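Worksheet: one structure, shown below.
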Amino acid sequence: MKISRLGGVLEWCAVLILFIILLWVSGLDRGSFTAQGAHELSERSYHYGPSKVVRKVQVDQDTVVFLGTYKQWFSADTVTWSHFKWHPSGGVAGVPKNPEKPLAYSWDMKSTGSDGGLAKFYGYVNDPDIVTVELDVVMEDRDSNTATSGSERQRISDNRMFLFVWKTEGRDFSWQSIKGLDREGKVRYEHKLQ
């Protein structure tokens, strides 16, 4: 009877070990149950921060972007929901605020599988007279081979950051220029990107 009991214990130990290996391989053990927790994991994995989150942008139910500042840098860290948890998804690296320029900016495009991905253009405004940022962009539809151009605008709040974000879904993006506008709508800063 003792031998059969030992066999049962060994069998359950083998099942437990296989279950732990399955969790490790599938990635279910990584991530966080909250978007904020995944953002913090992202920063720790990159040895950046902890940043001061100035705005949380819910792109859709499965994607959140955390705009943050840390010392003389800013970032737009993306986290996504999959496998029952939130996971880091890119953009955690800090970009210098560069106080010599009226505004500092960066962009990031990431493919996220079947939904196409995410395109972000984000930045930090140093010039207190700039109250609106305008981004000229051309979007090309890969299926129809057509392009549309337009401008996106965003008012600058007290945190001095801006974020333009799109789901790519079969589109390519070409950013043409970035402008900083004052209260009267006059251009205080413009930089051609193409």
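The values are calculated or read from the model by the stated rules, or taken from the named source; none is laboratory data. Everything quoted here is computed from the prediction, not taken from an experiment. Neighbour counts run over all protein chains shown; Cβ positions are idealised from the backbone, glycine included. Remember, those area values only see protein heavy atoms, side chains included, never the ligands or the DNA or RNA. Shrake-Rupley method; radii C 1.70, N 1.55, O 1.52, S 1.80 Å.
Structural remarks
- In the chain, the calculated helix contribution to ellipticity at 222 nm averages -6500 deg cm²/dmol per residue, counting -39,500 (n - 2.57) for every DSSP H run with n ≥ 4.
- Gyration tensor verdict on region 30-71 (Cα atoms; rounded if a/c is under 1.5, prolate if a/b is larger than b/c, oblate otherwise): oblate
- Average accessible surface area per residue within the chain, 1.4 Å rolling probe, Å²: 60 Å²
- Global form of region 70-123, assessed from the alpha-carbon gyration tensor, a/c cut-off 1.5: oblate
- Solvent-accessible area, 1.4 Å probe, carbon plus sulfur percent, for the chain: 55 percent
- Packing, as the average of other Cβ atoms within 10 Å across residues, places the peptides 148-155, 85-92, 34-41, 45-52 in the order 85-92, 34-41, 45-52, 148-155, highest first.
- Put a plus charge on the Cβ of each Lys and Arg, a minus charge on the Cβ of each Asp and Glu, and nothing anywhere else: the dipole of the chain about its Cα centre is then about 660 debye.
- Only protein heavy atoms count here; under a 1.4 Å probe, ILE178 has an accessible surface of about 0 Å².
- Shape of region 74-194, Cα gyration tensor, a/c cut at 1.5: oblate
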